[in-house]
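The values are calculated or read from the model by the stated rules, or taken from the named source; none is laboratory data. Quick caveat: nothing in here was measured; it's all calculated off a predicted structure. Every residue, glycine among them, receives a Cβ derived from its backbone with ideal geometry; neighbour counts consider all protein chains shown. Keep in mind that these areas ignore ligands, DNA and RNA; they rest on the heavy atoms of the full protein, side chains included. Shrake-Rupley method; radii C 1.70, N 1.55, O 1.52, S 1.80 Å.
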Amino acid sequence: MKMKTLVMAASVAALAAGGAWAEEGKVKVGMITTLSGGGAGLGIDVRDGFMLAAKMAGNENLEVVIEDDQRKPEIAVQLADKMIQSEKVDVMTGIIWSNLAMAVVPAATAQGKFYLSPNAGPSALAGKGCNKLYFNVAWQNDNLHEAAGAYANDAGYKNTFMLAPNYPAGKDALTGYKRTYKGEAAGEVYTDLGQTDYAAQIAQIRASGADSVFFFLPGGMGISFLKQYANSGVDLPVVGPAFSFDQGILQAVGEAALGIKNASQWNKDLDNEANKEFVAAFQEEYDRLPSLYASQGYDTANLLLSAMDKADVSDEDAFQAALKEADFASVRGKFSFGNNQHPIQDYYVREVVKEGDVYTNKLVGPSLTDHADAYAADCKM
């Protein structure tokens, strides 16, 4: 992989400098993300998007140390301790899963480290638990589900069966969907995190009298569910967030996903120059289409680089202010932070289509405009 060259070069430069990363303008980033196991595709895409932006910027003051959390909270905590105590990182990023974020982020910010989330956005960190050193560059967990609920209303769904995994993001998912969805719940089920057999849940859907299905099952969970659902004979329309219909997942799901509507804050056909440049550069670098996760990693790196141009990371207040300005060209187009340092942005409806031999998404239209999360009012920063 080409990006390994950049990481190795950055590490060599750090050694040559005698570990002098306290020099003005230099920033050392600790990236803990999922690079093995069932959720590896998500972490790989975040890493690749982040490192692509770093390469394109060519900023020699940025060093990135990357570790695999294996989707295990205890491993993530160990790695975070190592990065903070031994590696002496200035900024942390990379975590995909909300249960891992809850295990790492509060401890990292308590030790004076900035944390820029490229994915996980648990509600506990958006309201009363907000922190001036914590920025979410993706969304608050509820947001994409709120956009899916708004679409369900437009589609005329009145009796949705809902399911999600039993962990913080899963609970945020159903909370978000129900916040905007105006119909009834035909059923509400929490599955095991990492579950692969959904026969029992599909039987519940069949017997529920539902007119539609909403689900949030990221990574391999979504692949398993969609394949089993397509072969079950249940023919109810499905709606969900982008996580279960993202670029890496769609190739594994195949035709079972065609025509499904899903909610996202990004797609490869968003018409702005930053996005066009990103999509072309990602394909050139990695020989595949970028995913939602890759776009979030890319934006996270560019946010960090924009702050590095304005302030030194050792000046906590100045660096926080520089980050909050969000003075970078987001692949999403307009992008800003609310008072709780979570995004205010537009959300869209996408449809799964097939372009040649590739399953992908196309934009259908807007769902929510200039949308902020529901917890910002509880943040007292």
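With 22 Å as the limit on Cα-Cα distance, the pairs of 113/324; 128/310; 72/171; 88/132 that go past it are 128/310. Annotation for residue 85 and residue 327: the two label points, set 7 Å from Cα along the Cα-Cβ direction, are 3.8 nm apart.
Hey, what angle do you get for helix 3-16 against the long axis of the chain, alpha-carbon based, 0 to 90 degrees rounded to 10? Rounded to the nearest ten degrees, it is 30.
Measure off, as a whole percent, the carbon and sulfur share of the 1.4 Å-probe accessible area of the chain, all protein chains present. Carbon-and-sulfur percentage of accessible area, whole number: 49.
Among 245, 335, 135, the residue with the largest mean-square fluctuation in a Gaussian network model of the chain, with springs joining Cα atoms closer than 10 Å, is 335. Normalising the average separation of contacting C-alpha pairs (under 8 angstrom, six or more residues apart) by the number of residues puts the relative contact order of the chain at 18 percent. Extension gain, residue 334 to residue 78, is 88.5 nm, computed as 0.36 nm per intervening residue step minus the present C-alpha separation.
Rounded, prolate or oblate: which fits region 278-381, taking a ≥ b ≥ c as square roots of the Cα gyration tensor eigenvalues, rounded meaning a/c under 1.5, else prolate when a/b beats b/c?
oblate
Compute the angle between helix 168-180 and the longest alpha-carbon principal axis of the chain, please, reported from 0 to 90 degrees and rounded to the nearest 10. Around 60 degrees separate the two axes.
Placing a pseudo-label 7 Å from each Cα along the Cα-to-Cβ vector at residue 314 and residue 273 gives an inter-label distance of 3.6 nm.
Relative contact order for region 75-143: 29 percent, from Cα pairs under 8 Å spaced at least 6 residues apart, divided by residue count. Approximating the spin labels as points 7 Å out from Cα along Cα→Cβ, the residue 185-to-residue 377 distance works out to 2.1 nm. Taking all protein chains into account, the per residue accessible area for the chain stands at 37 Å² (1.4 Å probe).
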